2 protein chains.
Amino acid sequence: MPEPTVRWVGGLQGRMELIDQTLLPTEHTVITCRTVEEVWEAIKVLRVRGAPAIGVAAAMGVVVGVQGAPDDEAAVLEAVTETCEYLATSRPTAVNLFWALDRMRRVANAHRGAGGPAVKEALLAEAKAIRDEDAAMCRAIGDAGRHLVTEGCGVLTHCNAGSLATAEYGTALAPLYRAHEAGRSFRVYADETRPLLQGARLTTWELMQAGVDVTLICDNMAGVLMRQGMVDLVLVGADRIAANGDTANKIGTYSVAVLAKHHGVPFYVAAPSSTFDLALDSGDGIPIEERGAEEVTHGFGRQTAPDDAKTYCPAFDVTPAELIEGIVTERGIVSPVTAAGLSAALGEGRG
Amino acid sequence: MPEPTVRWVGGLQGRMELIDQTLLPTEHTVITCRTVEEVWEAIKVLRVRGAPAIGVAAAMGVVVGVQGAPDDEAAVLEAVTETCEYLATSRPTAVNLFWALDRMRRVANAHRGAGGPAVKEALLAEAKAIRDEDAAMCRAIGDAGRHLVTEGCGVLTHCNAGSLATAEYGTALAPLYRAHEAGRSFRVYADETRPLLQGARLTTWELMQAGVDVTLICDNMAGVLMRQGMVDLVLVGADRIAANGDTANKIGTYSVAVLAKHHGVPFYVAAPSSTFDLALDSGDGIPIEERGAEEVTHGFGRQTAPDDAKTYCPAFDVTPAELIEGIVTERGIVSPVTAAGLSAALGEGRG
């Protein structure tokens with residue numbers, strides 16, 4: 001099993017550790033976040049990234065936030081509120097961030113009256129539960145999707161929706177890990193995923209660590225690979241999915257989906273049910289975060305564009321449901337992707 | 001008009017100057033090649049690149065090669081032979097290099113008996129003719145295509161087929177420069193063009209120098225731009241075009257063409273008629289050069305993929321004619337793109 005990207009070591013006075021993903025693939029460094037500011041910064045600058053891992057990190061961040069509070073219950077509850085409000089500003093488009101913070105807030109409130117120490121213990125237990133539930137979810141997605149990864153097939157993935165993005169096997173990569181563990185042979189093509197190169201730095205790294213046959217390509221090579229018949233399946237993750245199945249994911253995902261449609265290659269999204277935002281009828285309501293020009297102009301350690309070059313750098317794009325063959329969740333695969341189908345699949349057991 | 005990337009200043013004892021493209025986009029330095037060795041090195045290490053610009057540089061390099069020769073005719077002819085043989089080793093895969101050197105050799109031989117000084121003058125005139133013919137070709141492509149660049153439109157381009165690659169306006173960028181000179185307002189989106197980032201380093205730079213409104217994007221952002229209705233036209237260059245219109249161009253061009261088709265955006269290729277290889281029935285016959293892994297794994301300045309990562313790195317791809325709305329040559333626009341249409345357009349006045 002891959003090394004956890006975020007973990008809690010010890011008890012209430014223990015520490016939160018994470019693999020600093022900004023240093024991969026050349027340096028494998030585990031850092032400790034001793035303050036809420038360090039947790040905020042780690043989420044902000046993508047030392048930890050991937051929706052589920054951000055949720056786990058944020059939950060553990062709330063525990064960090066109450067470690068220093070006195071045992072007085074009011075002080076603990078105030079620390080929870082302050083920490084949650086602060087961490088919510090680290091990555092305003094990450095729905096899992098808010099989901100995890102809400103859970104932590106609810107647990108704190110539910111223990112109101114039990115005393116400060118009991119609230120703290122409940123928060124730690126909840127953070128660990130969020131992590132454990134995510135690990136179970138990864139495994140369930142992997143098991144639901146692994147039959148898609150047939151013997152000898154070629155699978156293209158974009159960005160990193162792997163163990164480095166979650167508590168365990170990942171989402172998009174979970175079916176690959178589970179198929180690999182079952183002894184199946186297949187090829188993976190990893191889009192390098194400009195501008196931040198999560199595919200080159202993270203996906204390629206973690207698949208190589210696991211012994212999966214992976215070939216790194218530039219994003220603009222996906223089309224010619226498909227034309228040559230090298231790709232039988234596309235599997236990507238998701239940051240947010242609307243009620244109709246429209247899926248926001250790392251910039252470039254939409255282009256891959258269009259290319260897959262053109263070449264008749266099935267395009268699947270793999271994501272936990274927590275990624276769905278059923279309050280959104282369609283992807284039109286998903287705000288697209290724009291990021292700084294430097295990610296494009298200074299992406300590789302040196303300046304590769306002129307001074308003051310104008311850039312457009314959306315962090316995400318939205319792939320419409322009609323380009324998606326199926327969505328793999330921990331509850332199975334929804335295909336075709338329709339609002340009714342998703343509602344039926346997600347409604348069962350929800351809440 | 002953009003600053004010439006290669007130029008001859010003065011008469012026979014004048015000098016050859018070029019923009020050192022290896023220093024772009026952060027340093028704008030014009031270097032003088034005073035010896036044939038310096039010309040050789042400039043071509044070798046890509047201080048000058050782009051098929052037409054290499055041809056011009058090589059021709060001017062032959063003039064540099066005879067500048068120091070005595071006026072004795074035999075000595076001049078010997079200097080021509082030696083210089084051509086030497087320069088031919090600088091970039092053995094550049095077809096235009098050999099084409100230009102052949103022209104220079106032929107001119108020298110045609111003036112045999114006229115005396116050393118006359119041969120030298122003929123060589124200078126031929127080098128200038130090669131430059132002028134390319135400049136006229138650029139201008140003709142620009143004039144044939146500029147009506148495509150309508151007021152207020154958005155144009156996407158890939159790689160660099162601009163003034164830095166030719167004697168004057170470029171090929172794909174020529175219609176843009178001509179429309180800009182005519183006072184038209186429009187937006188250009190430049191794909192950065194992984195792995196070597198010609199779009200970021202060169203296209204963005206030269207369009208900014210010329211005052212054209214250009215926005216740099218990562219290759220994987222083209223799809224979402226099109227979906228948002230920001231792109232009304234795609235204009236790209238070509239390395240080689242088969243008789244049926246199938247077009248080999250920088251890797252990533254094919255993906256852009258598929259995206260354009262999906263979004264109903266017209267996709268045009270601009271290239272001189274010398275780019276056509278009518279001996280090839282279709283693009284299936286065009287061999288795809290693969291390049292080293294380092295271009296993907298060690299982009300610019302630092303390692304961005306794990307040690308020993310496997311890569312696939314084709315240098316170019318082939319866009320089938322059915323995805324191409326039209327091909328702009330110095331003789332006009334061929335649209336729709338069919339073997340018969342191309343044959344008719346190219347046949348006239350050919351040879």
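Odds and ends about this structure:
- The set of residues in region A:40-67 being of a type in the set (Val, Ile, Thr), surrounded by 21 or more Cβ atoms within 10 Å (Cβ to Cβ) and under 22 Å from residue A:238 (Cα atoms) consists of A:43, A:48, A:54, A:56.
- Within region A:330-349, residues that are touching a residue at least 60 places away in the same chain (Cβ under 8 Å) sit with their Cβ atoms under 8 Å from residues that are part of a helix (DSSP H, G or I) and among the β-branched types (Val, Ile, Thr), at 6+ positions apart or across chains, in these pairs: A:330/A:141.
- Criterion: outside the structural domain of residue A:315 (by TED's automatic domain parsing) and closer than 24 Å to residue A:237 by Cα - qualifying residue of A:70, A:25: A:25
- Number of the condition not met by residue A:123 [criteria: (1) at pLDDT below 95; (2) part of a helix (DSSP H, G or I)]: (1)
- Residue count, region A:8-39 (criterion: open to solvent by 70 Å² or more (accessible area, probe 1.4 Å) and either closer than 16 Å to residue A:61 by Cβ or of a type in the set (A, V, I, L, M) (or both)): 5
- Residue B:93 satisfies every condition listed in (1) β-branched (Val, Ile, Thr); (2) surrounded by fewer than 22 Cβ atoms within 10 Å (Cβ to Cβ); (3) in contact with an Asp or Glu (Cβ under 9 Å, 6 or more places away or on another chain); (4) under 30 Å from residue A:309 (Cβ atoms) except (4).
- In the condition set (1) surrounded by 18 or more Cβ atoms within 10 Å (Cβ to Cβ); (2) more than 19 Å from residue B:129 (Cα to Cα), residue B:82 is compliant with all but (1).
- The set of residues from region B:287-297 being free of Cβ contacts under 8 Å to residues at least 40 places away in the same chain, open to solvent by 30 Å² or more (accessible area, probe 1.4 Å) and not in a loop (DSSP other than H, G, I, E, B) comprises B:290, B:294.
- Test: residue in region B:309-330 that is surrounded by fewer than 21 Cβ atoms within 10 Å (Cβ to Cβ), of a type in the set (Val, Ile, Thr) and assigned to a loop (DSSP other than H, G, I, E, B): no
- Residue A:201 being more than 25 Å from residue B:303 (Cβ to Cβ), modelled with pLDDT under 95, among the charged types (D, E, K, R) and outside the structural domain of residue A:46 (by TED's automatic domain parsing): no
- Residue within region B:267-286 that is open to solvent by less than 10 Å² (accessible area, probe 1.4 Å) and closer than 14 Å to residue A:220 by Cβ present: no
Yes/no per residue for (1) of a type outside the set (Val, Ile, Thr); (2) open to solvent by less than 10 Å² (accessible area, probe 1.4 Å); (3) modelled with pLDDT under 95; (4) within 20 Å of residue B:325 (Cβ to Cβ):
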position: B:104; (1), (2), (3), (4): yes, yes, no, no
position: B:116; (1), (2), (3), (4): yes, yes, no, no
position: B:129; (1), (2), (3), (4): yes, no, no, no
position: B:137; (1), (2), (3), (4): yes, no, no, no
position: B:143; (1), (2), (3), (4): yes, no, no, yes
position: B:148; (1), (2), (3), (4): yes, no, no, yes
position: B:178; (1), (2), (3), (4): yes, no, no, yes
position: B:186; (1), (2), (3), (4): yes, no, no, yes
position: B:207; (1), (2), (3), (4): yes, yes, no, no
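- Condition met for residue A:300 (at pLDDT below 95 and open to solvent by 10 Å² or more (accessible area, probe 1.4 Å)): no
- Verdict on residue B:265 being part of a helix (DSSP H, G or I), within 13 Å of chain A (Cβ to nearest Cβ) and hydrophobic (A, V, I, L, M, F, W, C): no
- Check on residue B:337, in a loop (DSSP other than H, G, I, E, B) and in the same structural domain as residue B:233 (by TED's automatic domain parsing): yes
- Put simply, of A:160, A:96 the only residue that is touching a helix residue (DSSP H, G or I) at 6+ places or on another chain (Cβ under 7 Å) and either more than 23 Å from residue A:49 (Cβ to Cβ) or not assigned by TED's automatic domain parsing to the domain that holds residue A:317 (or both) is A:96.
- Listed by position, the helices (runs of 4 or more DSSP H) inside region A:12-111 whose residues that are under 25 Å from residue A:273 (Cβ atoms) number at least 3 are A:51-67, A:95-110.
The values are calculated or read from the model by the stated rules, or taken from the named source; none is laboratory data. Since this is a predicted model, take the numbers as computed values, not measurements. Backbone-built Cβ (ideal geometry, glycine too); neighbour counts: all protein chains shown. Note: accessible area is taken over every heavy atom of the protein model, side chains too, but ligands, DNA and RNA are not part of it. Shrake-Rupley method; radii C 1.70, N 1.55, O 1.52, S 1.80 Å.
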